Amino acid sequence: MSTPSNNAVVLLSGGLDSATTLAMASERGFNCYVMSFDYGQRSQTELAAAKRIAADLKVKEHRIVRLNLEDFGGSALTDNSIEVPDHEEEGIPVTYVPARNTVFMSLALAWAEVLHAQHIFIGVNAVDYSGYPDCRPEYIAAFEHMANLATKTGVEGERLSIETPLIDLTKAEIIQEGMRLGVDYGLTVSCYQADDEGRACGVCDSCRLRASGFKDAGVSDPTPYMPGVSD
């Protein structure tokens, strides 16, 4: 068994939650190797945001991996024929991307094994969230169990942990924690359909959760909105 490192792989979308998660991993002293995904999503500006955040927080390395999930579609985020809803939906919303977190974490797991990193950080949340099944604690526990069965490092004793520091926090609590850590939320993009300048639509589920979080936290919302949108 090799000597465990202080490396961690952190998933970074460019949004509020993942930026806070990265800041929390950094505070814990990890060497943060950051992974973002260009998976055919509607808004490419979140990847530009991820680059800004990674640079601002001085990560060890930042990689953007290209996937073609739009080839499968099945989500309003990867199929332009499906509209992003402007209202809250019953059940799992059409913005759910099939198996997205499983795909993302599998690739993070591969990089973690190469780095001898025993920690993968992901900013999933099961309180103020859209109801995605791959954000639930039982899913994370199951993936962690699988990861330790499926990898050479896991079998040889380098037990891997999936870190979800936001999972039980409200959006307001996440923002308050990020403010304590000095996260610049003006760098982040959360909107499912932000324009080329990173301006938010103000009506999608992600925008509504974000705006409510800033309001409940008593923090000024730095989000730039598209013309005609009232924040």
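The values are calculated or read from the model by the stated rules, or taken from the named source; none is laboratory data. Keep in mind that this is a model prediction, so the values were computed, not measured. Cβ atoms come from the backbone with ideal geometry, glycine included; neighbour counts cover every protein chain shown. Ligands, DNA and RNA are stripped out before the accessible areas are found, and what is left, the full protein with its side chains, is counted by its heavy atoms. Shrake-Rupley method; radii C 1.70, N 1.55, O 1.52, S 1.80 Å.
Here the accessible area is traced with a 1.4 Å probe on the protein chains. For the range 1-52, carbon and sulfur cover 48 percent of it.
For the range 1-75, the dipole from Cβ point charges (+1 on Lys and Arg, -1 on Asp and Glu) about the Cα centre works out to 220 debye, to the nearest 20. Along the range 153-164 the Karplus relation, 6.51 cos²θ - 1.76 cosθ + 1.60 evaluated at θ = phi - 60°, assigns HN-Hα couplings of 5, x, 5, 8, x, 8, 4, 9, 10, 8, 9, 10 Hz to successive residues, with x for each Gly and Pro. For the pair Val65 and Ile82, label points projected 7 Å from Cα toward Cβ lie 2.2 nm apart. The value of relative contact order for the chain, using C-alpha pairs under 8 Å at least six residues apart, is 24 percent. For the range 201-207, the Karplus equation 6.51 cos²θ - 1.76 cosθ + 1.60, evaluated at θ = phi - 60°, returns couplings of 6, x, 10, 6, 4, 5, 5 Hz by residue, with Gly and Pro reported as x. Remark: relative contact order (the range 66-201) = 20 percent; criterion is Cα-Cα distance under 8 angstrom and separation of 6 or more residues. Note on the range 162-231: dipole from Cβ charges, positive end direction compared against Cys204, Pro165, Leu187; the farthest Cα belongs to Cys204. Separation of the range 29-71 and the range 155-193 by C-alpha centroid, Å? Their Cα centres are 14 Å away from one another.
Under the simplified labelling scheme, the Asp38-Ala110 pair shows an inter-label distance of 1.7 nm, with each label point 7 Å from Cα along Cα→Cβ. Per-residue ellipticity at 222 nm from helix content only, as computed over the chain with -39500 (n - 2.57) for each DSSP H run of at least four residues, stands at -11000 deg cm²/dmol. Secondary structure note: in the chain, about 0% of the DSSP beta bridges are antiparallel. Set the Förster radius R0 to 22 Å, insert the Cβ-Cβ distance between Ala142 and Asn6 as r into 1/(1 + (r/R0)^6), and round the FRET efficiency to 0.05. E(calc), rounded to 0.05, equals 0.25. When the alpha carbon gyration tensor of the range 130-221 is reduced to an equivalent ellipsoid, the three semi-axes, largest first, read 32, 16, 13 Å.
Cα-based radius of gyration for the range 74-171, normalised by 2.2 N^0.38 Å, reads 1.23. Proximity of backbone amide H atoms, modeled 1.01 Å from N, is registered between Ile64 and Ser36 at under 5 Å, excluding neighbours fewer than 5 places apart on the same chain. With R₀ fixed at 41 Å, the C-beta to C-beta distance from Met226 to Leu149 puts the FRET efficiency at about 0.30.
Could you compute the FRET efficiency for Lys51 and Ser161, with r as their C-beta to C-beta distance and R0 at 22 Å, rounded to 0.05? About 0.25, to the nearest 0.05. Counting pairwise Cα distances across the range 188-231, what percent come out greater than 11 angstrom? So the pairs more than 11 Å apart make up 60 percent of the total in the range 188-231. Summary value for the range 1-87: 28 percent relative contact order, contacts being C-alpha pairs under 8 angstrom separated by 6+ residues.
In the assembled protein chains, Glu156 presents an accessible area of approximately 90 Å² (probe radius 1.4 Å). The eigenvalues of the Cα gyration tensor, multiplied by 5 and square-rooted, give the range 1-160 an equivalent ellipsoid with semi-axes of 27, 18, 14 Å from largest to smallest. Per residue, the convex hull spanned by the alpha carbons of the range 50-101 comes to 133 Å³.
Per residue, the range 1-81 exposes 43 Å² of solvent-accessible protein surface, assessed with a 1.4 angstrom probe and all protein chains in place.
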